[in-house]
Structure formats: structure tokens, C-alpha cells
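**Q** Quick one: the structure is below, and I'll ask about it shortly.
Throughout, read-outs are computed from the coordinates displayed, never taken from laboratory work. Note that the coordinates shown come from a computational prediction; the quantities given were computed from them, not determined experimentally. No Cβ is skipped: glycine too gets one built from the backbone with ideal geometry, and neighbour counts run over all protein chains shown.
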Amino acid sequence: MTSSPYSVEASGLVKRFGSTTALDGVDLIVEAGTVYGLLGPNGAGKTTAVRILATLLAPDAGTARILGHDVIAEADAVRRRVALAGQAATVDNDLTGSENLRLIGLLAGLGRRAARTRAAQLLAGFELEDAASRQVKGYSGGMRRRLDLAASTLVRADLYFLDEPTTGLDPARRAQVHALVRAMAADGATVLLTTQYLEEADQLAGRIAVIDHGKVVAEGPPAQLKSSIGAGTLQIRLADPARRLDAEQIASRLVGAPFKPGSDPAVLTTTVPGDDATGVAADRAAAAVAALYSAGIAVEDFSFGQPSLDEVFLRLTGQTNTFNDTPMEAAR
Amino acid sequence: MTSMTDAAIPTPKAAQSPRGGLPAGPRPQPPGPLAATVAFGWRALLKIRHVPEQIFDVIAIPIVFTLMFTYLLGGAISGSTSQYLQFILPGTLVMAVLLVGMYAGIGINTDTSTGIADRFRSLPIWRLSPVAGALLGDVTRYLLAGGLVLALGTAMGFRPPGGVPGVLAGVGLLLLFALSLSWAWTTLGLVMRAPQAVMSTGTAVLFPLTLASNTFVVPQTMPGWLQAFVNVNPVSHLVTAERSLMYGHPATGQILLVLAACVLLTVVFAPLTARLYGRGH
């Protein structure tokens, strides 16, 4: 389908808006036919990166080639082969859902009849049939998002840019969008999606780039990324705070990491090192809890979870120490 | 408008890709500049159909002025209401069409500030086709606004000596001027931050220009400083040209002046609009 082995080749992208630097030297390589996740908090530069790659914005420095075409010199060649679903749902509020799709269909090169047929198909597929002849200004955020996605799939593209496609969707619809992304990849297309959700990137993307303050702070397959920052947080609440020292001694040896001092003496918190040659993170956590039980130290409750996106960012941006002994909320 | 919740409809096929999700067949050839412009023209007409109240909000003023000035003051100013109507109507027609022109700027500003312009820019179409297509909407709005005022005038007894040809010539010149002025509105729409800002700037400029003109009374009775303003006010010249056409004795000098203004507005603001729109935000 594409001659270049890479769908996206960007190097040294810089973009400034006034005194803010939105992108500060971003390099990205996306292999053709894969799903690639751009992960980052609000304002990290994800949308700016997508806008540059989709030929909507010229970078102040750096170059980008999409499907082998330069985004500046060959913008039109790029536009003939990509599709974009924007974060600010890019549909016309005054028009109805059906009219929106028919308009974009005409502009994508479909004939009048083909545009009408395809619009009806997509409205049914995205469960917007009932709202098809209502003005979009009365749509909910989720409906608008779905209409925007539908508009991006009116005609086939070799590369889909999906900017936070699931933000504002309920879990069932989020799963549908995930299925759509997989279908795009199965069709041979490349998908570049941005998201704030680690688990979403984890489920969908073959590779992830984490963006923060306009820079790529980590890049690689999701598993590698997660293990590099630790598998997750283990939290154990003791029945008797007086046994804390004993408990820490036993558990930290099995977990392979020290416990952090906390405000509640009854609660032990640590970040379990990621899966590696010496074992699996979840096994370590389970062994630690079991050992406390064997040693007769009563555990009131415990939890073990994947690192949150906050943890990933704080860790990757070198701010590990700022939330040593504070709950996550306080560290934000 | 009530907004609907997503949870309202159960979704049995939770993890399936939406039906008809991906298109079958290869991507079609993108439309040429004309086809794309026509598509945007269709969009502009749809917007007028869905939001007609926009036009009526704005032209309510010239309509009320036509009624109020004619019946309230017409007799006092011109001796008879019907005589005054012949005098005022070309001016209120100009007022209505110029006020409606603001929507050219509001429309383009809404597009760029809501992000739909992003989608248009991401498509392989002539970059300016959204602007070119919107002109069709402008023409329709001008004709609607002008037609309403003329219909009202005719019902009230507007019978200019120039007859139908004179009125048509007047409408033609006014349409040409309004379309040329559209470029100034689109430029303004692209530099202002929000649609409301375009609207308030528009009214702040248009009201003094349309009121302090020769629309309602001849300037001879005004104080000297106001006369000076009214005489240089471009709206006055436009109204004079309109009157001359509708009264059946075209004032060539005034008409040429209006045509020159059309050329000037287009030469300055059309390239500016193209540049600002092409550049993106």
C-alpha cells in the first residue's frame, strides 16, 4: 500500500506559540501498518504534534515526512492519503449529523449518491441514526465525538490520525473505538493515536511515545515502558501499626524495594520493580503479603495495581521524590 | 436544546467495530476546486435554512426604522409619508444588506475557532474553497435581506420612478458592493478572537456609518460638523447611487465611485483573507 516502510518520520520538530514552547525537538518514527500511541497529559504537545503531521501547522524547526511525503512541500500528497479525527470535535454545529457526513463525503471525493449512502451506513454503525436529522449543536459530547470519528472513516486512508478518540466516551463505546482502531490496522493502515490513558495505549499500540513538555521522554513497546518504571504500587494496611518495622523488613526483601515513609503508620506503600529475569512483579507482591500472614502479622487489606499515568509521568520526568510520602492527589 | 446522554441506548455489540466502520474500495479522487466550492456553497445554504433567525435578528432594525421613520416622522420631514418612503427606502435597503454582511466574518471566525476549519484543511481540496463557497451563502443572505425590505417597501407604497429596471439595477450595484465588502468582513473574522467580537466590532462600525448618513434626512439641515462627516461617509455615496438608479436618473459619478470602492475593497481584502486563511491559526 505504501512505498515507504515508515508512515511517519519526524525529526527535531519544534513549535512555539508566543513564549510557550509546545514542541521542543520531537523525533518520531512510526512503522507502516502499526498502531502507535502518543501518550501525555493535557498540554504536553500531543495535539500540536498531530497537527504538524497532518499538515495543519508548519513547524518552526525540524522536518516531517508522512508516507514518504514532506508535510510542507508535499502537503497535498499527504492529505490525499491521511484522515484526521480531531480532539476539538471538528463538525459543524449548525448542520445535522447526516449533512455533516455528506458534506465531508463530497469533499473527500464521493459522489452525491455515494456520500449519502456512506453517511447512512456510518450513522447506523456509530448508533447515531436517531439523531441523524438533528442539528449537531444538540448532540452530547460523546455523540459529537462519534460523529467526528465517523467523518474520518468516510473514505479509506493509509494513515489515520486519531487525537484522543475515546475522551468523553462511555466504556462500551470506548471498546467500539478500540475495535475500530484494530480494524484499521488489520486493513493495512497505520494509526497514530493520542491518549491520556496508559491502559488504552497499552491495549492498542505496538509502540508508545510518552510526551511531556514538548519532549519525548520515553519510547518503546508498552511492556518495556511499564517495566522501566516499575510494575505498580503495592499498598498494605496493617491491623497493628506497632508491627510496622517487622512487616517492612519481611516484605521489602520479597518485593525487592524499600517501603516509603507515609503519614499513616499502619499503611505500607512501595513501588514493585517491573517484570525482569528475577521474577514477575505480581508474584513478588503476592509473596510479600503471604509472608506477612505466615509471620503472624495481621493484614487488614492490601492492593496492587498497575502504575497510574501520573506515576509514569512523575517517574519519567524525574520527579520521583515529590510524592514519596504524600497521597497522589497532593502530588498533582 | 436538550443534550442526550450516551448511556440511554443499550449497546449489545459492545466490542464490535461499528457496522460499516471501514470503507470498502479504494479512496476516490478528491474533488476539483469547483466541485469543492459547490459543496461549500451547499453547506452555506444549509446553514441559512437551519439558522434563519440570524438574518431576521439583524434586519429587524432596518425594517423597524423603515416603519417608524415613515409613519412617525415622514409627514413632518417630507410633507407626506408616501413621499418620505420614496426617499428613505433605498437607504434602509442599503442598511439591511450591509448589516447582514457581518455574517461573512462571523461564519469564517466560527469555522476557525471551533476546529472545523482544521478538518477542511486536512482534506485534499483547494484551500480557499471554504471561503469561495461561503460567498454563495453571502449572496443568498443579501438577496433575502434586500428582498424583505423591498417587499415591505412595496407593500407600504414604494413606487420609484425608475420602475422595476431601476430597482433591479440598484439591487445589482448593492449586491456587488456588499460582496466586495464581504472580503473585509472575512479578513476581520480571521483576525478577531471570537464570533461575538466580530459581531460587536461590526455593529460598532456599521451603526454610526448607516445612521450618520443621508439615509433618513438630507444633510443640509444638520450642523456643519455632522454634514462634513455625512458627506465623506461612504454609505452616503452608496445611498445616493442607489437612489439615482431607482429614481431613473443614474448619477454616473456616484456609481463609478461605488464601483471604484468595490475594486479597492476586493483588491485589498480578498488577498488578505486568502493569506490569513491559508496560513492557519
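**Q** Quantify how strongly other chains surround peptide A:172-178 by giving the mean number of their Cβ atoms within 10 Å of each of its Cβ atoms. Kindly include the intermediate steps, with their values, before the conclusion.
**A** Details: counts 9, 5, 1, 6, 8, 3, 2.
Neighbouring Cβ atoms belonging to other protein chains average 5 per residue here.
**Q** Something else: Output needed: percent of Cα pairs per 5 Å distance bin for the range B:129-178, bins running from 0 to the one holding the longest distance.
**A** 5, 19, 24, 23, 14, 8, 4, 3, 0
**Q** State log₁₀ I(q)/I(0) for the protein assembly as shown at q = 0.07, 0.10, 0.12 Å⁻¹ as given by the Debye formula over alpha-carbon point scatterers of equal weight, solvent excluded.
**A** -0.59, -0.94, -1.15
**Q** Rounded to whole Å and sorted largest first, what semi-axes of the equivalent ellipsoid does the C-alpha gyration tensor of the range A:86-184 yield via the square root of 5 times each eigenvalue? Mind dumping the intermediate values first?
**A** Values: eigenvalues 73, 54, 28 Å².
Sorted largest first and rounded, they come to 19, 16, 12 Å.
**Q** Further question on the same structure: Sorted by mean Cβ packing within 10 Å, highest first, what order do the peptides B:34-47, B:188-201 take?
**A** Working: B:34-47: 20.1, B:188-201: 17.9.
Answer by packing, highest mean first, reads B:34-47, B:188-201.
**Q** So which lysines can A:K46 reach, going by Cα to Cα under 28 Å and dropping same-chain residues fewer than 8 places off?
**A** Hits, sequence-local ones excluded: A:K15, A:K137, A:K215, A:K226.
**Q** If you don't mind, another one. Over chain B, what lengths in whole Å, largest first, do the semi-axes of the equivalent ellipsoid take, defined as the square roots of 5 times the eigenvalues of the alpha-carbon gyration tensor? Write down the numbers at each step before the final one.
**A** Working: eigenvalues 359, 90, 62 Å².
Values for chain B, descending: 42, 21, 18 Å.
**Q** Follow-up question, since we're still on this one. If you build a Gaussian network model of chain A, linking Cα atoms that sit under 10 Å apart, which residue out of A:R65, A:R146, A:R173 swings the most?
**A** Result for chain A, Cα springs under 10 Å: A:R173 fluctuates most.
**Q** Evaluate the charge dipole of the protein assembly as shown about its Cα centre and quote only its size in Debye, nearest 20, assuming +1 on the Cβ of each Lys and Arg and -1 on the Cβ of each Asp and Glu. Write out the running numbers ahead of the final one.
**A** Working: 48 positive and 45 negative charges, 402 e Å.
Result for the protein assembly as shown is approximately 1940 debye, rounded to the nearest 20.
**Q** When DSSP assigns beta bridges and you keep just the ones with both residues in the protein assembly as shown, what percent turn out antiparallel, to the nearest 5? Could the numbers behind the result be given before it?
**A** Values: 36 of 54 bridges.
Antiparallel bridges make up about 65 percent of those DSSP assigns within the protein assembly as shown.
**Q** Averaging sequence separations of C-alpha pairs under 8 Å and six or more residues apart, then dividing by the length of chain B, give the relative contact order as a whole percent.
**A** On the way: 322 pairs, mean separation 67.1, N = 281.
In percent, rounded to a whole number, it is 24.
**Q** Taking only C-alpha pairs under 8 Å that are 6+ residues apart, what is the relative contact order of the range A:6-225 in percent? Kindly include the intermediate steps, with their values, before the conclusion.
**A** Values: 444 pairs, mean separation 64.8, N = 220.
About 29 percent, as a whole number.
**Q** If you don't mind, there's one more thing I want to ask. Could you please tell me the mean projected area of the C-alpha convex hull for the range A:6-225, averaged over all directions and given in square nanometres to one decimal?
**A** Numbers: hull surface 46.7 nm².
The directionally averaged projection comes out at 11.7 nm².
**Q** Just to be sure I understand: with springs between alpha-carbon atoms less than 10 Å apart, which residue in B:N233, B:N109, B:N214 has the highest mean-square fluctuation in the Gaussian network model of chain B?
**A** B:N233
**Q** Could you order the peptides B:174-180, A:126-132, A:217-223, B:271-277 from most to least packed, using the average number of other C-beta atoms within 10 Å per residue? Numbers along the way, then the final one.
**A** Details: B:174-180: 20.6, A:126-132: 19.0, A:217-223: 15.7, B:271-277: 17.4.
Per-residue Cβ counts within 10 Å, averaged per peptide and sorted highest first, yield B:174-180, A:126-132, B:271-277, A:217-223.
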